[in-house]
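The values are calculated or read from the model by the stated rules, or taken from the named source; none is laboratory data. Just so we're clear, the structure is a prediction, and the values are computed from it rather than from any experiment. Every residue, glycine among them, receives a Cβ derived from its backbone with ideal geometry; neighbour counts consider all protein chains shown. Just so you know, the surface numbers come from the protein's heavy atoms only, side chains and all, with ligands and any DNA or RNA stripped out. Shrake-Rupley method; radii C 1.70, N 1.55, O 1.52, S 1.80 Å.
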Amino acid sequence: MAEIEKHCSNILSLGSKFELTDSKSERIRNELTFYNGDWEQENNGLAPLMPFDSTNMPSGMGSNSLLKLINFEVKDIKSLDHVQNGVGLGGIMSIGITRSKSFSYDLRTMFTVKPGMSVLTIVFEGVYVETEESKGERLLCMVGNKKLPSQKWFLDEQNLDWSHENQLLQDDQLVLVLKYPKVPNLTAQGIQGEMRNLQEKESFKFFDKVLISSNLGRSSNYQFNSDQLYSCNIYAHQKQLMEDGANNLSSSDFCRIFQDISNEVLNILVDNHTNLTDSRKLGPFVLENEVMNGGNNYRNLKLMIQKVKCKEQNPDGQTDDAKVSAVFRVFPVHVALSTTSSRTGLSGMTLLAEGRWNSSTGQLCMVGYVPKGTEAKVSMYFPRALSIKQRSFVFGSIEGLFSTLHMNVVQRPFHLEYKYGWYAGSFLSYNYSRIKQADEFRKRSQSFNIIGIPHKLIYSYPTIQEAGGFFSLSQIYDLTKELYIDTELSTSRKNLSKASVKLEVLSIGPFLARYDFLYKVRYGEVLKDTKTIFDENGFHNVSLHLDLTYSSEPLASASTSLKSVKSLFMEGLYDPQTGVMYLIGCGLAKTGASVEWGLDCLIEVKIQYPPRNLQWLRDPSIEISIKSQRNAYDSLYFTPKRIKQTITKNMFIEKEHEEDVAFRMLLEGVVRMVVLSVEIAIIWSQKHYMDQNVRVASSVCLNMFVVEILSYCILFIMGEEIPLSSKKAIFYKQHAYDLHAYQPMLTGIDYAAKFLALIVVNLNSRLFLKVTYSRKRLNDEDSSKAPLTLGDRSFFLSLLKKFAFVCLVILVTSLSFPTKKSVVSMEINPTWLVRVLIELALVLHDISLLSQIVENWRRKNHAKSLRKVYYVGLSLLKIMVKVYDRIRSPISDPYIVNFLDTDILALVSLVIILHVQQNFSYFCCTVCLKVGQLLNLRKLMKLPFKSRQQ
């Protein structure tokens with residue numbers, strides 16, 4: 001206590017008599033505590049307080065752009081017996097340097113240094129006094145005893161290890177003085193203070209004086225200036241007011257929305273004649289060192305409204321105004337929003353303002369000043385309507401003896417509904433201004449196509465369903481969620497790792513889009529005339545917000561990735577019969593011809609939505625075309641862009657997608673049963689044909705049935721569906737559905753398909769036995785002419801060699817032509833082997849007729865061994881299954897080689913060759929081949945057979 005009285009005697013002499021009670025103790029604890037204040041050192045910190053590790057600093061970010069934050073928390077309050085004009089107080093201060101994040105104290109380490117952050121924690125004890133004047137001050141004087149970083153680090157920074165205590169020096173000469181206003185108002189609402197040590201300048205413990213500033217907490221009782229007259233420059237928003245008009249909000253509604261935009265990020269807009277040559281100034285703001293790259297680029301700066309206090313005023317019972325105070329803070333975009341919103345320091349980058357909301361004019365007028373800066377006037381209003389050029393629900397300006405700054409808040413439609421839904425639903429509308437241009441764009445884009453007529457009859461697209469000329473207002477929610485798109489794009493650009501497109505609906509007809517399910521519940525029974533939502537051509541007027549986001553891989557020296565966002569405000573026509581939108585878009589532009597409000601609105605956008613009644617078959621994909629209407633010599637011209645991408649995620653359609661997945665699984669199960677049933681009938685007809693023509697059976701190739709049986713057995717063992725394997729859609733892979741309601745039907749269909757597949761294997765086995773028996777009989781009659789059977793050792797070994805050769809070819813092809821997701825590696829894993837075996841079975845199933853063709857050529861057989869219905873019918877079944885497999889959503893598999901370009905052609909070729917073999921004599925075939933050789937149409941190899949006449 002003696003040290004406190006020694007260093008704080010001048011503070012104690014200013015205090016008045018003070019009696020401590022429980023309520024005062026709680027009030028002191030709350031009002032004296034502050035977080036994320038600012039600090040700086042005199043003499044630009046020639047004797048720094050602490051070191052900083054800048055090893056992970058991003059390129060282009062200097063040490064001057066760091067944040068210097070300070071926290072102070074009151075921990076203990078007690079009365080002092082021998083002191084009547086003050087109370088004892090203990091507290092903890094954490095002071096530090098950080099790149100972008102805030103911090104808190106840690107009593108275990110007291111001093112922490114790590115890349116991007118240095119934090120020093122100090123425990124103080126002292127006294128708290130209040131002066132007698134009604135508008136006086138509350139003073140806090142404290143002393144601390146702490147191990148501080150030695151100034152040796154400044155001399156030899158590279159060779160010091162701050163993890164060791166011997167690098168810290170004990171300092172018991174720390175003094176902290178904080179001054180709080182007793183009655184907070186516009187000119188006195190901040191905390192000012194300093195921390196110094198009493199060491200000699202030559203001492204390694206010495207550091208330059210630390211200056212502290214912060215704003216008072218929310219619990220402080222702010223006092224408005226009752227005599228202040230507030231006026232606004234009506235010309236600041238004249239152009240905007242003429243187009244949109246202002247909402248005349250009541251004082252309660254205004255206070256609610258103004259509190260809601262507290263800590264909201266506002267854009268800073270400047271006029272074309274704004275002077276930006278002074279890199280240290282922006283309007284009334286004096287830019288601090290924390291602004292990256294000097295801060296002369298206002299696009300790297302944002303504005304935030306903090307510490308809003310709103311008091312409703314109704315003195316005469318007629319007016320409905322409100323008094324308001326707030327802090328406007330400028331901050332660089334690289335600082336975390338959570339840190340910015342919690343900052344309380346007062347500097348040249350903060351504007352303290354208070355004023356009045358005039359409900360009759362719908363305008364907020366405020367006066368204020370910037371510490372270390374100049375005075376300013378702030379005016380704000382809330383537009384009645386949004387438009388393609390004006391997507392902000394609040395607009396304002398800051399004026400004075402400097403170039404005027406404008407500010408607005410552009411929220412994406414989903415966030416507008418999420419955070420300000422109550423305001424948007426009651427006070428906002430949309431004003432369409434580009435419908436005529438959009439209709440002209442539609443007429444230029446559309447052309448008569450006879451295919452389009454059945455296209456409209458077959459496909460259905462998202463739309464409003466009417467009944468008797470009316471529709472339920474809840475359908476606005478349904479249509480909004482169906483038109484909402486959020487998906488990732490595939491990009492080939494090497495410097496980009498991710499790309500995404502987000503398309504959000506802002507309005508449909510005169511109604512704002514709704515993303516809240518409670519809206520659907522609330523307005524389910526409310527009916528509206530369909531004329532309000534459809535025009536005379538059956539189109540919807542729509543407005544949308546498009547974001548194309550590209551994010552690169554994090555740099556080696558940075559912990560976050562760099563993002564590039566390109567936004568378009570769009571409005572136009574939506575044709576619900578074709579699912580096409582014809583839109584006029586506006587994008588941000590610095591300067592150029594026909595640029596209004598910094599927007600280039602000479603952009604045409606066409607969006608094709610997927611049909612919703614075919615989403616069970618194919619993953620929904622969207623196609624977006626963006627084209628500039630400017631000539632190629634214009635600086636704002638860009639080459640046309642076309643985006644076609646599968647929709648990989650949508651937070652609204654998962655329930656509908658679950659139903660699509662169930663329907664597709666049921667349909668494909670039925671298709672398997674039908675295909676297997678037809679296959680059984682075809683094989684049975686071949687068996688009947690061989691029963692009637694006994695001598696024909698011996699000319700049928702045994703390998704054909706062996707291949708069929710082997711392929712089915714492999715698929716059985718591997719658990720693969722026969723003959724059509726499942727392909728899970730992208731959504732289904734990301735969100736596996738239980739499908740409990742459909743499990744009995746799916747299980748029954750699966751067992752039925754497996755049973756039919758077993759019948760197919762059994763019939764092929766019987767055909768194999770029949771051919772073997774027929775050849776055995778022929779062998780008994782004339783062994784010189786009989787074809788070989790499996791009983792012949794040489795024939796059996798030859799069959800094994802052929803099978804091994806086919807497997808080797810498939811294996812080599814799998815390794816030589818990997819898909820995009822696979823990596824060429826000689827490592828054989830079980831999953832890879834399973835997929836290769838499945839692919840082997842599928843290939844064997846497709847080329848089963850090849851065995852018969854080879855047999856015919858080798859034995860010069862021109863007998864009709866197979867019925868046309870057999871080889872043509874089975875091939876047609878396989879082709880139809882493959883065509884369906886092409887139509888449904890193609891999901892690439894990293895372990896399967898893609899034969900999609902050749903397998904159907906191979907099947908058709910095998911059928912044609914087999915048909916020629918069975919229906920034309922070898923003499924005709926030989927003549928045709930010789931004629932071809934003479935005409936030099938192809939260089940054919942000599943055939944290993946002769947004509948029958950030879």
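Of the candidates Met142, Met110, the single residue that is surrounded by 15 or more Cβ atoms within 10 Å (Cβ to Cβ), closer than 15 Å to Ile92 by Cβ and at pLDDT below 80 is Met110. Restricted to the stretch 382-405, and to residues that are of a type in the set (A, V, I, L, M, F, W, C) and open to solvent by 30 Å² or more (accessible area, probe 1.4 Å), which residue is nearest to the chain's Cα centre (by Cα)? Per the stated criteria, the residue is Phe402.
Only residues that are assigned to a helix (DSSP H, G or I) and either buried (at least 16 other Cβ atoms within 10 Å of the Cβ) or without any contact (Cβ under 8 Å) to a residue 24 or more places away in the chain (or both) were counted in the stretch 406-421, giving 7. Inspect the stretch 346-368 for any residue being part of a helix (DSSP H, G or I) and open to solvent by less than 10 Å² (accessible area, probe 1.4 Å) and give the result as yes or no. No, that holds for no residue. The one condition from (1) of a type outside the set (S, T, N, Q); (2) at pLDDT 85 or above; (3) closer than 28 Å to Ser621 by Cβ; (4) in a helix (DSSP H, G or I) that Pro462 does not meet is (4). Scanning the stretch 5-59 for residues that are touching a Pro at 6+ places or on another chain (Cβ under 6 Å) and open to solvent by 30 Å² or more (accessible area, probe 1.4 Å) turns up Asp53, Thr55, Asn56. For the stretch 342-368, which residues satisfy the criterion of being over 11 Å from Asp321 (Cα atoms) and among the charged types (D, E, K, R)? Within the stretch 342-368, Arg343, Glu354 qualify. Selection of the stretch 117-135 for residues being over 11 Å from Leu176 (Cα atoms) and open to solvent by 10 Å² or more (accessible area, probe 1.4 Å) yields Met117, Val119, Glu130, Thr131, Glu132, Glu133, Ser134, Lys135. Return a yes/no flag: does the stretch 614-633 have any residue that is farther than 30 Å from Met665 by Cα, of a type in the set (Ser, Thr, Tyr), in a strand (DSSP E or B) and open to solvent by less than 30 Å² (accessible area, probe 1.4 Å). Yes, that holds for at least one residue. Are any residues in the stretch 384-405 out of contact with any strand residue (DSSP E or B) (no Cβ under 6 Å at 6 or more places or on another chain) and in contact (Cβ under 8 Å) with a residue 60 or more places away in the chain, and if so, which ones? Arg384, Ser387, Gln390, Phe402, Ser403 - these are the residues of the stretch 384-405 that are out of contact with any strand residue (DSSP E or B) (no Cβ under 6 Å at 6 or more places or on another chain) and in contact (Cβ under 8 Å) with a residue 60 or more places away in the chain.
Of all the listed residues (Val675, Val661, Val696, Val671), the sole one being buried (at least 16 other Cβ atoms within 10 Å of the Cβ) and farther than 24 Å from Met880 by Cα is Val696. Once the stretch 765-788 is narrowed to residues that are part of a loop (DSSP other than H, G, I, E, B) and open to solvent by less than 40 Å² (accessible area, probe 1.4 Å), the residue that is modelled with the lowest pLDDT is Ala786.
Just to be sure before I move on: is Leu89 buried (at least 16 other Cβ atoms within 10 Å of the Cβ), within 26 Å of Lys205 (Cβ to Cβ) and in contact (Cβ under 8 Å) with a residue 60 or more places away in the chain in the structure I sent? Against the criterion (buried (at least 16 other Cβ atoms within 10 Å of the Cβ), within 26 Å of Lys205 (Cβ to Cβ) and in contact (Cβ under 8 Å) with a residue 60 or more places away in the chain), Leu89 qualifies.
Give the stretch 885-905 a look and list any residue that's touching a helix residue (DSSP H, G or I) at 6+ places or on another chain (Cβ under 7 Å) and modelled with pLDDT of 70 or more, or say none. Correct list: Asp903, Ile904. The set of residues in the stretch 541-574 being open to solvent by 10 Å² or more (accessible area, probe 1.4 Å), at pLDDT 70 or above and of a type in the set (A, V, I, L, M, F, W, C) consists of Leu548, Leu568, Phe569. Put simply, of Ile680, Ile714 the only residue that is in a helix (DSSP H, G or I), within 18 Å of Met880 (Cα to Cα) and in contact (Cβ under 8 Å) with a residue 60 or more places away in the chain is Ile680.
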